[in-house]
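The values are calculated or read from the model by the stated rules, or taken from the named source; none is laboratory data. In this text, all values refer to a predicted model and were calculated from it rather than measured experimentally. Cβ placement follows ideal geometry from the backbone for every residue including glycine, while neighbour counts extend to all protein chains displayed. Protein only, heavy atoms only, side chains kept; ligands, DNA and RNA dropped before computing areas. Shrake-Rupley method; radii C 1.70, N 1.55, O 1.52, S 1.80 Å.
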Amino acid sequence: QLQLVESGGGLVQPGGSLRLSCAASGFSLDYYAIAWFRQAPGKEREEVSCISSSGGRTNYVDSVKGRFTISRDNAKNTVHLQMSSLKPEDTGVYYCAATIFVSATCWVGMDEYDYWGQGTQVTVSS
(Lines give C-alpha, C1' and ligand atoms only; values in the text may rest on other atoms or scores of the structure.)
Protein backbone atom coordinates (compact mmCIF):
# COMPACT_ATOMS: atom_id res chain seq x y z
CA GLN A 1 0.00 0.00 0.00
CA LEU A 2 1.49 3.32 -1.12
CA GLN A 3 0.11 6.41 0.49
CA LEU A 4 0.81 9.76 2.06
CA VAL A 5 -1.16 10.76 5.12
CA GLU A 6 -1.34 14.31 6.42
CA SER A 7 -2.12 15.16 10.01
CA GLY A 8 -1.97 18.10 12.37
CA GLY A 9 -4.60 20.36 10.91
CA GLY A 10 -7.22 22.06 12.97
CA LEU A 11 -8.83 25.31 13.99
CA VAL A 12 -6.56 28.05 15.29
CA GLN A 13 -6.87 31.74 15.95
CA PRO A 14 -4.94 34.27 13.88
CA GLY A 15 -1.38 34.43 15.13
CA GLY A 16 -1.44 30.84 16.25
CA SER A 17 0.66 27.91 15.12
CA LEU A 18 0.16 24.45 13.73
CA ARG A 19 2.57 21.71 12.80
CA LEU A 20 1.50 19.54 9.90
CA SER A 21 2.98 16.13 9.28
CA CYS A 22 3.11 14.04 6.15
CA ALA A 23 3.89 10.39 6.69
CA ALA A 24 4.60 7.91 3.93
CA SER A 25 3.53 4.30 3.97
CA GLY A 26 4.63 1.61 1.56
CA PHE A 27 7.62 3.48 0.21
CA SER A 28 10.57 5.47 1.42
CA LEU A 29 10.64 9.24 1.06
CA ASP A 30 14.43 9.24 0.88
CA TYR A 31 14.46 9.69 -2.88
CA TYR A 32 11.51 12.02 -3.21
CA ALA A 33 11.20 15.74 -3.14
CA ILE A 34 8.17 16.72 -1.09
CA ALA A 35 5.86 19.67 -1.41
CA TRP A 36 2.98 21.08 0.55
CA PHE A 37 0.06 22.46 -1.39
CA ARG A 38 -3.03 24.17 -0.13
CA GLN A 39 -6.41 24.94 -1.57
CA ALA A 40 -8.37 27.77 -0.06
CA PRO A 41 -12.14 28.00 -0.45
CA GLY A 42 -12.99 29.13 -3.96
CA LYS A 43 -9.36 29.26 -5.06
CA GLU A 44 -6.98 27.14 -7.09
CA ARG A 45 -4.55 24.81 -5.42
CA GLU A 46 -1.20 26.46 -4.86
CA GLU A 47 2.22 25.16 -3.95
CA VAL A 48 3.23 26.46 -0.55
CA SER A 49 6.60 24.90 0.09
CA CYS A 50 8.92 22.21 -1.13
CA ILE A 51 11.96 20.37 0.12
CA SER A 52 14.50 18.41 -1.87
CA SER A 53 15.13 14.74 -1.25
CA SER A 54 18.33 15.57 0.60
CA GLY A 55 16.67 18.28 2.65
CA GLY A 56 19.33 20.69 1.50
CA ARG A 57 17.06 22.89 -0.58
CA THR A 58 13.76 24.42 0.39
CA ASN A 59 11.45 26.96 -1.15
CA TYR A 60 8.38 28.85 -0.03
CA VAL A 61 5.70 30.84 -1.72
CA ASP A 62 6.17 34.51 -0.90
CA SER A 63 3.05 34.72 1.22
CA VAL A 64 4.39 32.25 3.81
CA LYS A 65 8.08 33.13 3.87
CA GLY A 66 9.30 33.76 7.38
CA ARG A 67 6.24 32.07 8.87
CA PHE A 68 6.35 28.50 7.58
CA THR A 69 9.21 26.04 7.81
CA ILE A 70 9.39 22.75 5.95
CA SER A 71 11.59 19.96 7.21
CA ARG A 72 12.04 16.26 6.76
CA ASP A 73 13.02 13.36 8.92
CA ASN A 74 13.92 10.53 6.61
CA ALA A 75 14.52 8.20 9.54
CA LYS A 76 10.83 8.57 10.38
CA ASN A 77 9.74 8.74 6.75
CA THR A 78 7.99 11.99 7.53
CA VAL A 79 7.92 15.59 6.37
CA HIS A 80 6.67 18.47 8.48
CA LEU A 81 5.36 21.93 7.87
CA GLN A 82 5.64 24.19 10.87
CA MET A 83 3.23 27.07 10.46
CA SER A 84 3.45 30.12 12.69
CA SER A 85 1.82 33.53 12.78
CA LEU A 86 -1.12 32.07 10.96
CA LYS A 87 -3.47 34.35 9.08
CA PRO A 88 -7.04 33.82 7.94
CA GLU A 89 -5.81 33.64 4.37
CA ASP A 90 -3.83 30.53 5.31
CA THR A 91 -7.12 28.69 5.66
CA GLY A 92 -7.54 25.75 3.35
CA VAL A 93 -6.98 22.08 2.83
CA TYR A 94 -3.30 21.26 2.97
CA TYR A 95 -1.92 18.41 0.91
CA CYS A 96 1.51 16.87 0.79
CA ALA A 97 2.85 15.43 -2.42
CA ALA A 98 5.94 13.50 -3.46
CA THR A 99 7.89 13.43 -6.69
CA ILE A 100 11.00 11.67 -7.93
CA PHE A 101 11.60 14.47 -10.40
CA VAL A 102 14.72 16.47 -9.63
CA SER A 103 15.03 20.18 -10.22
CA ALA A 104 17.61 22.76 -9.27
CA THR A 105 15.23 24.61 -6.97
CA CYS A 106 12.94 21.77 -5.72
CA TRP A 107 9.96 23.46 -7.39
CA VAL A 108 8.82 21.05 -10.12
CA GLY A 109 5.21 21.96 -10.80
CA MET A 110 2.02 20.33 -9.63
CA ASP A 111 1.79 17.94 -12.57
CA GLU A 112 5.11 16.33 -11.65
CA TYR A 113 3.95 14.97 -8.31
CA ASP A 114 3.34 11.24 -8.25
CA TYR A 115 1.78 10.75 -4.82
CA TRP A 116 -0.74 12.87 -2.97
CA GLY A 117 -2.23 12.72 0.46
CA GLN A 118 -5.90 13.16 1.22
CA GLY A 119 -5.38 16.53 2.84
CA THR A 120 -5.84 18.03 6.26
CA GLN A 121 -8.02 21.02 6.98
CA VAL A 122 -6.46 24.15 8.42
CA THR A 123 -8.83 26.86 9.54
CA VAL A 124 -7.54 30.16 10.86
CA SER A 125 -10.37 32.13 12.37
CA SER A 126 -11.22 34.13 15.43
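Quick notes on this structure:
- The Cβ shell under 11 Å around Ala97 holds other residues with a net charge of -4, Lys and Arg each +1, Asp and Glu each -1.
- The accessible surface of the chain, taken with every protein chain in place and a 1.4 Å probe, is 47 percent carbon and sulfur.
- Within the shell of other residues whose beta carbon sits under 12 angstrom from the beta carbon of Gly119, the net charge comes to +1, with Lys and Arg scored +1 and Asp and Glu -1.
- Per residue, the solvent-accessible area of the chain (1.4 Å probe, heavy atoms of protein chains only, all protein chains present) comes to 50 Å².
- Put a plus charge on the Cβ of each Lys and Arg, a minus charge on the Cβ of each Asp and Glu, and nothing anywhere else: the dipole of the chain about its Cα centre is then about 360 debye.
- Angstrom value of the Kirkwood radius, inverse mean 1/r, which spans all Cα pairs in region 1-97: 13.6
- For Tyr31, net neighbour charge (Lys/Arg +1, Asp/Glu -1) across residues whose Cβ lies under 13 Å away: -1
- Packing, as the average of other Cβ atoms within 10 Å across residues, places the peptides 71-81, 32-42 in the order 32-42, 71-81, highest first.
- Peptides 54-62, 84-92 ordered by packing proxy, namely the average of other Cβ atoms within 10 Å per residue, highest first: 84-92, 54-62.
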